[in-house]
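Before we start, here is the structure in question, set down as structure tokens.
Laboratory data are not the source of any read-out in this text; all were calculated from the coordinates shown. Because the structure is predicted, anything quoted here is derived from the model rather than measured. All Cβ positions, even for glycine, are placed from backbone atoms using ideal geometry, and neighbour counts span all protein chains on display.
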Amino acid sequence: MRVYVPLTLSGLAEAYRTGELGAGPFVAYAVTPALREWYLSDDIEELEYAALSRAALASLRLLAADPKAPRRRAVVAVDVPDGTAVADPDRGLDPVALGEVTVSGTVPLSKAAAVHADADDADADVTAAAEALGKADRGDDDAQFVVDGAEDHELLWYATQEIPNLLGRTG
């Protein structure tokens, strides 16, 4: 099963250092029955993109909680064995939890298929969105507009071999 793990660049740096995305359980996003029902599509690419988008929003939430992290969303796409990622049926159609799964066990970064991250030019919009997220969650339409501004930036695709360059490291 392909899952999308929301991180910050700081979290990605830690995963790169340790070689693990997490020791479980941790939250990721995937094509779940609830996401399929909400998205009303059978196109797996569209559904995968919807799951990636949900993970990008979760990454934004991580940024809002960590003001010291670089202001770029990051999501790691990784394939995990069936049964490792489980959706909670009680949270199924909760709009906040669409596509959410809990991943158990250790997931080696070496199993990642790709990394998705914001380009440098998204910095201002992502920063503003992270700051506006709390108000948007409370129903402030102006704040939601700011959050949507970050979502207008497509996450770029990086091969796992590019992680050091993405993190600003060499080698």
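Name the single residue that is surrounded by the most Cβ atoms within 10 Å (Cβ to Cβ) among those in segment 93-110 being farther than 21 Å from residue 60 by Cα, touching a Ser or Thr at 6+ places or on another chain (Cβ under 9 Å) and not aliphatic (A, V, I, L, M).
Looking at the filtered set, the residue picked out is 104.
Here's a follow-up. If you take the residues of segment 59-92 that are in a strand (DSSP E or B) and of a type in the set (Gly, Ala, Ser), which of them is surrounded by the most Cβ atoms within 10 Å (Cβ to Cβ)? Don't jump to the end; show me each part of the working.
Going through segment 59-92, the residues in a strand (DSSP E or B) turn out to be 73-79, 85-86.
If we keep only those that are of a type in the set (Gly, Ala, Ser) as well, we get 74, 77, 85.
Values: 74: 30, 77: 20, 85: 27.
Only one residue fits best here, namely 74.
At least 3 residues that are touching a residue at least 24 places away in the same chain (Cβ under 8 Å) and of a type in the set (A, V, I, L, M, F, W, C) in each: list the strands (runs of 3 or more DSSP E) lying fully within segment 1-45 that qualify.
So the answer is 2-8, 26-29.
Taking the criterion of being under 27 Å from residue 33 (Cβ atoms) and assigned to a loop (DSSP other than H, G, I, E, B), would at least one residue in segment 153-165 satisfy it?
Yes: segment 153-165 contains one or more residues that are under 27 Å from residue 33 (Cβ atoms) and assigned to a loop (DSSP other than H, G, I, E, B).
Filter segment 61-86 down to the residues that are among the small types (Gly, Ala, Ser), in contact with a strand residue (DSSP E or B) (Cβ under 6 Å, 6 or more places away or on another chain) and more than 21 Å from residue 24 (Cα to Cα) and list them by number. Break it down stepwise before answering.
Within segment 61-86, the subset among the small types (Gly, Ala, Ser) is 64-65, 69, 74, 77, 83, 85.
Still in the list and also in contact with a strand residue (DSSP E or B) (Cβ under 6 Å, 6 or more places away or on another chain): 69, 74, 77, 85.
Scanning segment 61-86 gives a single hit, 69.
Okay, moving on. Can you find even one residue in segment 152-171 that is touching a residue at least 40 places away in the same chain (Cβ under 8 Å), closer than 16 Å to residue 61 by Cβ and out of contact with any His (no Cβ under 7 Å at 6 or more places or on another chain)?
no
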